[in-house]
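Step one of this worksheet: look at the structure below.
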Amino acid sequence: MLKLDSTDERQERIDQAVAVWLQERQKLLVLLCDIKQPGNAGVPTGTRVQSFCQLLMDYVSAGHFEIYDTLLHRAETQGRQATVERARQLYSQLQPSTDAALRFNDLFDNDEHCEDLQSQLAGELSDLGLALADRFTLEDHLLKLLREPHAMETL
């Protein structure tokens, strides 16, 4: 969880952490598209896939162990119990995409695996892409809910 000081500093730190995390999401999407491009010149596919796996694990971990925890804690301390309960429901729905990310990482985490499973890469990327799309939608709802005090009324 992020270290928190005054209310304004705390809010600024939370906002910065979320902004950095969302930038990582954008990089993740760029890398995903890059890997899906056949015959991309330059960096070998295995290297690109491993970079993608590393960023994927960093992104998922930051969400679970920093962003969500911090936002949930803040909502709890503000006494927004209905928001916390709804956020926990949304949070639990992230598990299938977390499992998909872990599975993909386990399959393609090194050059040897990438070589051995090259024929499966396109299908695995497609499946992961669908799981990530669902995840991003849920995360966006979660962020809106936890960052906006009156978001429960619009979700």
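In nanometres, what is the gap between the two model label sites at residue 6 and residue 144, each 7 Å from Cα along Cα-to-Cβ?
Label at residue 6, label at residue 144, 3.3 nm between them.
Rounded to the nearest 0.05, what FRET efficiency do residue 109 and residue 73 have when you use their Cβ-Cβ distance and R0 = 35 Å?
That gives a FRET efficiency of 0.65.
Counting only other residues whose beta carbon sits under 10 Å from that of residue 55, what net charge do I get with K and R as +1, D and E as -1?
Every neighbour counted, the sum reads 0.
With a ≥ b ≥ c the root eigenvalues of the C-alpha gyration tensor of the stretch 43-95, is it rounded (a/c under 1.5), prolate (a/b larger than b/c) or oblate?
Judged from the Cα gyration tensor, the stretch 43-95 comes out prolate (a/c at least 1.5, a/b above b/c).
By the scheme Lys and Arg +1, Asp and Glu -1, what is the net charge of all other residues having a beta-carbon under 12 Å from that of residue 100?
Charge balance in the 12 Å sphere: -3.
For residue 33 and residue 17, calculate 0.36 nm times their separation in residues minus their Cα-Cα distance, and state this gained length in nm to one decimal. Mind showing how you got there, number by number?
Details: separation 16, 0.36 × 16 = 5.76 nm, distance 2.46 nm.
Residue separation times 0.36 nm, minus the Cα-Cα distance, leaves 3.3 nm.
Can you give me the relative contact order of the stretch 7-153 as a percent, contacts being Cα pairs under 8 Å and 6 or more apart?
28
Within the stretch 63-81, find all residues whose amide N lies under 17 Å from a label point positioned 7 Å from the Cα of residue 95 along Cα-to-beta-carbon.
Label zone hits: 64-65.
Go through 79-86, 8-15 and give me the packing order, highest mean Cβ count within 10 Å leading.
Highest to lowest by the protection proxy: 79-86, 8-15.
Counting only Cα atoms, I'd like the Rg/Rh figure for the chain, Kirkwood definition for Rh.
1.04
None of the figures in this text is laboratory data; all of them are computed from the coordinates on show. All values reported here derive from a predicted model rather than from experimental measurement. Note that each Cβ is placed from the backbone with ideal geometry, even for glycine, and that neighbours are counted across all protein chains shown.
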